[in-house]
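The values are calculated or read from the model by the stated rules, or taken from the named source; none is laboratory data. Treat the numbers as computed from the prediction; the structure is a model and nothing was measured. All Cβ positions, glycine included, derive from the backbone under ideal geometry; neighbour counts span all protein chains shown.
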Amino acid sequence: MDKWFNLSSIERCLECRGCEYSCPVFQALADYDPSALLRDILEGNGEEWL
């Protein structure tokens, strides 16, 4: 996964979540969970998100 993503940056994003509620996708799609996306990537299951 690290050939597509900077995993240390994703870890920081998951911890911070400061921009989560200003994300237009998060606002438009009630069932979208950006934390789930980040967790999947960190767990090595992010290819489905590409």
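Considering the conditions (1) of a type in the set (A, V, I, L, M, F, W, C); (2) at pLDDT 90 or above; (3) in contact with a Leu (Cβ under 7 Å, 6 or more places away or on another chain), CYS16 is excluded by exactly one of them, (3). Is it the case that some residue within the range 9-16 is surrounded by 11 or more Cβ atoms within 10 Å (Cβ to Cβ) and in contact with a Gly (Cβ under 6 Å, 6 or more places away or on another chain)? Checked against the condition, which is being surrounded by 11 or more Cβ atoms within 10 Å (Cβ to Cβ) and in contact with a Gly (Cβ under 6 Å, 6 or more places away or on another chain), the range 9-16 yields no hits at all.
For the range 1-21, a residue qualifies if it is among the hydrophobic types (A, V, I, L, M, F, W, C) and part of a helix (DSSP H, G or I), and the qualifying residues are LEU7, ILE10, CYS13, LEU14, CYS16.
Selection over the range 23-50 of residues that are part of a helix (DSSP H, G or I), over 12 Å from the mean Cα position of the chain (by Cα) and at pLDDT 85 or above gives a count of 2.
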